[in-house]
Amino acid sequence: FLGSYIFLSQVLFLRLLTAARPELIPVATPATHSSLRYAFSKVREINYRPIYRFDVLDSINERYLRDTFDLLWGLEIERVRFELPGRIFHELMPHAIRKMLASFYTRPHAADLLAQLTIEDSGESVLDPACGSGTILTSAYRRKRDLFIEEGKGGNPHKRFCESEIFGADIMPFAVHLTSANLAAMDAGTIIERTQ
(Lines give C-alpha, C1' and ligand atoms only; values in the text may rest on other atoms or scores of the structure.)
Protein backbone atom coordinates (compact mmCIF):
# COMPACT_ATOMS: atom_id res chain seq x y z
CA PHE A 1 0.00 0.00 0.00
CA LEU A 2 2.68 2.50 1.01
CA GLY A 3 4.82 1.34 -1.90
CA SER A 4 2.12 2.55 -4.29
CA TYR A 5 2.08 5.99 -2.67
CA ILE A 6 5.87 6.17 -2.70
CA PHE A 7 5.92 5.26 -6.37
CA LEU A 8 3.19 7.82 -7.11
CA SER A 9 5.11 10.62 -5.38
CA GLN A 10 8.34 9.60 -7.15
CA VAL A 11 6.67 9.77 -10.56
CA LEU A 12 4.99 13.07 -9.62
CA PHE A 13 8.34 14.62 -8.74
CA LEU A 14 9.99 13.17 -11.84
CA ARG A 15 7.24 14.79 -13.92
CA LEU A 16 7.74 18.17 -12.23
CA LEU A 17 11.52 18.00 -12.59
CA THR A 18 11.44 17.04 -16.25
CA ALA A 19 8.84 19.72 -17.00
CA ALA A 20 11.11 22.34 -15.40
CA ARG A 21 14.44 20.96 -16.65
CA PRO A 22 13.87 18.53 -19.56
CA GLU A 23 17.57 18.44 -20.41
CA LEU A 24 18.49 16.78 -17.10
CA ILE A 25 16.80 13.42 -17.38
CA PRO A 26 15.78 11.50 -20.46
CA VAL A 27 12.51 9.72 -19.77
CA ALA A 28 11.60 6.87 -22.07
CA THR A 29 8.03 6.12 -22.99
CA PRO A 30 6.30 3.81 -22.61
CA ALA A 31 7.50 3.42 -19.04
CA THR A 32 8.97 0.11 -17.91
CA HIS A 33 10.62 -1.00 -14.69
CA SER A 34 14.05 -0.60 -16.27
CA SER A 35 13.39 2.81 -17.87
CA LEU A 36 12.01 4.21 -14.61
CA ARG A 37 14.84 2.65 -12.60
CA TYR A 38 17.25 4.47 -14.92
CA ALA A 39 15.36 7.80 -14.64
CA PHE A 40 15.16 7.52 -10.84
CA SER A 41 18.90 6.77 -10.65
CA LYS A 42 19.61 9.92 -12.71
CA VAL A 43 17.51 11.96 -10.27
CA ARG A 44 19.41 10.44 -7.32
CA GLU A 45 22.66 11.52 -8.98
CA ILE A 46 21.37 15.09 -8.83
CA ASN A 47 20.75 14.37 -5.14
CA TYR A 48 17.07 13.94 -4.39
CA ARG A 49 17.80 10.89 -2.25
CA PRO A 50 15.04 11.52 0.33
CA ILE A 51 12.45 11.20 -2.43
CA TYR A 52 14.02 8.21 -4.17
CA ARG A 53 15.57 6.46 -1.16
CA PHE A 54 12.84 3.81 -1.14
CA ASP A 55 13.15 1.48 -4.13
CA VAL A 56 9.62 0.16 -4.59
CA LEU A 57 9.65 -0.49 -8.34
CA ASP A 58 9.92 -4.26 -7.99
CA SER A 59 6.78 -4.31 -5.84
CA ILE A 60 4.73 -2.43 -8.46
CA ASN A 61 2.84 -4.37 -11.11
CA GLU A 62 4.04 -3.50 -14.65
CA ARG A 63 0.54 -2.53 -15.78
CA TYR A 64 -0.03 -0.24 -12.75
CA LEU A 65 3.40 1.28 -13.35
CA ARG A 66 2.64 2.00 -17.01
CA ASP A 67 -0.90 3.28 -16.34
CA THR A 68 0.23 5.58 -13.51
CA PHE A 69 3.10 6.93 -15.56
CA ASP A 70 0.91 7.53 -18.63
CA LEU A 71 -1.74 9.28 -16.55
CA LEU A 72 0.71 11.60 -14.78
CA TRP A 73 2.69 12.31 -17.94
CA GLY A 74 -0.50 13.35 -19.71
CA LEU A 75 -1.51 15.86 -17.02
CA GLU A 76 -0.07 19.33 -16.60
CA ILE A 77 0.60 18.83 -12.90
CA GLU A 78 3.25 21.54 -12.85
CA ARG A 79 0.34 24.02 -12.73
CA VAL A 80 -0.94 22.55 -9.43
CA ARG A 81 2.29 21.50 -7.78
CA PHE A 82 1.78 22.85 -4.28
CA GLU A 83 1.87 19.93 -1.89
CA LEU A 84 0.38 17.62 -4.49
CA PRO A 85 1.97 14.37 -3.18
CA GLY A 86 0.66 15.05 0.33
CA ARG A 87 -2.81 15.97 -0.83
CA ILE A 88 -3.10 12.84 -2.95
CA PHE A 89 -1.80 10.72 -0.08
CA HIS A 90 -4.26 12.09 2.46
CA GLU A 91 -7.28 12.37 0.20
CA LEU A 92 -6.97 8.82 -1.13
CA MET A 93 -5.88 7.05 2.05
CA PRO A 94 -8.65 5.00 3.67
CA HIS A 95 -9.62 6.20 7.15
CA ALA A 96 -8.61 2.92 8.82
CA ILE A 97 -5.07 3.16 7.46
CA ARG A 98 -4.84 6.87 8.28
CA LYS A 99 -5.83 6.05 11.86
CA MET A 100 -3.36 3.14 12.09
CA LEU A 101 -0.51 5.42 10.91
CA ALA A 102 -1.72 8.29 13.15
CA SER A 103 -1.80 10.39 10.02
CA PHE A 104 -3.98 13.46 10.46
CA TYR A 105 -3.91 15.95 7.65
CA THR A 106 -3.46 19.66 8.36
CA ARG A 107 -5.80 21.57 6.10
CA PRO A 108 -3.98 23.95 3.74
CA HIS A 109 -6.08 26.96 4.83
CA ALA A 110 -5.13 26.38 8.48
CA ALA A 111 -1.46 26.03 7.54
CA ASP A 112 -1.61 29.21 5.44
CA LEU A 113 -3.19 31.12 8.33
CA LEU A 114 -0.53 29.85 10.75
CA ALA A 115 2.24 30.93 8.36
CA GLN A 116 0.65 34.38 7.92
CA LEU A 117 0.41 34.87 11.68
CA THR A 118 3.89 33.68 12.60
CA ILE A 119 6.34 34.47 9.78
CA GLU A 120 7.20 38.15 9.52
CA ASP A 121 10.50 38.04 7.60
CA SER A 122 11.69 35.99 4.64
CA GLY A 123 14.86 35.00 6.51
CA GLU A 124 13.11 33.35 9.44
CA SER A 125 13.70 29.67 10.15
CA VAL A 126 10.75 27.31 10.51
CA LEU A 127 10.53 23.98 12.34
CA ASP A 128 7.65 21.51 12.30
CA PRO A 129 8.52 18.65 14.70
CA ALA A 130 5.66 16.47 13.41
CA CYS A 131 5.72 17.52 9.75
CA GLY A 132 3.69 14.70 8.22
CA SER A 133 3.47 15.36 4.49
CA GLY A 134 4.70 18.94 4.91
CA THR A 135 1.53 21.02 4.68
CA ILE A 136 2.70 23.53 7.30
CA LEU A 137 6.21 23.66 5.85
CA THR A 138 5.00 24.28 2.30
CA SER A 139 2.74 27.07 3.60
CA ALA A 140 5.75 28.50 5.43
CA TYR A 141 7.75 28.27 2.20
CA ARG A 142 5.09 30.19 0.27
CA ARG A 143 4.86 32.84 3.01
CA LYS A 144 8.65 33.23 3.08
CA ARG A 145 8.72 33.48 -0.73
CA ASP A 146 5.98 36.14 -0.73
CA LEU A 147 7.88 38.14 1.90
CA PHE A 148 11.12 37.71 -0.07
CA ILE A 149 9.42 39.34 -3.07
CA GLU A 150 7.81 42.09 -0.94
CA GLU A 151 11.18 42.86 0.63
CA GLY A 152 12.57 43.46 -2.86
CA LYS A 153 15.29 40.85 -2.57
CA GLY A 154 16.79 39.53 -5.77
CA GLY A 155 17.63 36.02 -6.84
CA ASN A 156 15.99 32.73 -6.09
CA PRO A 157 15.62 31.74 -2.41
CA HIS A 158 14.54 28.12 -3.09
CA LYS A 159 17.89 26.52 -2.27
CA ARG A 160 18.35 28.59 0.89
CA PHE A 161 14.81 27.93 2.09
CA CYS A 162 15.01 24.15 1.58
CA GLU A 163 18.58 23.60 2.72
CA SER A 164 19.00 26.10 5.57
CA GLU A 165 15.76 27.62 6.84
CA ILE A 166 12.93 25.06 6.73
CA PHE A 167 13.19 22.05 9.05
CA GLY A 168 10.88 19.13 9.64
CA ALA A 169 10.89 15.87 11.55
CA ASP A 170 8.49 12.97 11.79
CA ILE A 171 8.46 9.53 13.34
CA MET A 172 7.41 8.04 9.98
CA PRO A 173 10.15 7.92 7.29
CA PHE A 174 7.41 7.96 4.66
CA ALA A 175 6.23 11.34 5.94
CA VAL A 176 9.74 12.73 5.56
CA HIS A 177 9.73 11.37 2.02
CA LEU A 178 6.52 13.25 1.23
CA THR A 179 7.73 16.47 2.86
CA SER A 180 10.98 16.38 0.88
CA ALA A 181 9.02 15.83 -2.34
CA ASN A 182 6.64 18.68 -1.53
CA LEU A 183 9.42 21.16 -0.70
CA ALA A 184 11.57 20.22 -3.68
CA ALA A 185 8.51 20.56 -5.93
CA MET A 186 8.05 24.20 -4.91
CA ASP A 187 10.68 24.99 -7.56
CA ALA A 188 11.58 21.71 -9.26
CA GLY A 189 13.82 23.50 -11.75
CA THR A 190 16.21 24.65 -9.03
CA ILE A 191 18.44 21.81 -7.87
CA ILE A 192 18.85 21.45 -4.12
CA GLU A 193 21.40 19.28 -2.34
CA ARG A 194 19.20 18.30 0.59
CA THR A 195 16.13 19.10 2.62
CA GLN A 196 16.26 19.46 6.36
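Observations on the structure shown:
- Matching residues, the stretch 164-190, being of a type in the set (A, V, I, L, M) and surrounded by fewer than 16 Cβ atoms within 10 Å (Cβ to Cβ): Ala169, Ile171
- Only one of the numbered conditions (1) crowded, with 16+ Cβ neighbours inside 10 Å; (2) modelled with pLDDT of 85 or more is violated by Ala110, and that is (1).
- Every pair of residues 6+ apart whose Cβ atoms lie under 9 Å, when the first sits in the stretch 138-153 and is open to solvent by 40 Å² or more (accessible area, probe 1.4 Å) and assigned to a helix (DSSP H, G or I) while the second is among the aromatic types (Phe, Trp, Tyr) and at pLDDT 95 or above: Arg145/Phe161
- The residues of the stretch 162-191 that are touching an Asp or Glu at 6+ places or on another chain (Cβ under 6 Å) and hydrophobic (A, V, I, L, M, F, W, C) amount to a single one, Val176.
- For the stretch 154-186, the set of residues classified as assigned to a helix (DSSP H, G or I) and of a type in the set (A, V, I, L, M) consists of Ala175, Val176, Leu178, Ala181, Leu183, Ala184, Ala185, Met186, listed by residue number.
- Residue within the stretch 75-87 that is over 21 Å from Leu8 (Cα atoms), open to solvent by 70 Å² or more (accessible area, probe 1.4 Å) and at pLDDT 70 or above present: no
- Selection from the stretch 154-163 of residues that are open to solvent by 20 Å² or more (accessible area, probe 1.4 Å) and farther than 24 Å from Val11 by Cα: Gly154, Gly155, Asn156, Arg160
- Note on the stretch 48-65: among residues that are hydroxyl-bearing (Ser, Thr, Tyr) and in a helix (DSSP H, G or I), the one that is nearest to the chain's Cα centre (by Cα) is Tyr52.
- Scanning the stretch 5-30 for residues being in contact (Cβ under 8 Å) with a residue 12 or more places away in the chain, open to solvent by 40 Å² or more (accessible area, probe 1.4 Å) and either touching a strand residue (DSSP E or B) at 6+ places or on another chain (Cβ under 8 Å) or not aliphatic (A, V, I, L, M) (or both) gives a total of 4.
- Apart from one condition, Leu92 fits all of (1) modelled with pLDDT under 95; (2) open to solvent by less than 40 Å² (accessible area, probe 1.4 Å); (3) out of contact with any Gly (no Cβ under 8 Å at 6 or more places or on another chain); the exception is (2).
The values are calculated or read from the model by the stated rules, or taken from the named source; none is laboratory data. Quick caveat, the model's predicted, so the values are computed rather than measured. As a convention, Cβ positions derive from the backbone with ideal geometry for all residues, glycine included, and neighbour counts pool all protein chains shown. All accessible areas refer to the heavy atoms of the entire protein, side chains included, with ligands and DNA or RNA removed. Shrake-Rupley method; radii C 1.70, N 1.55, O 1.52, S 1.80 Å.
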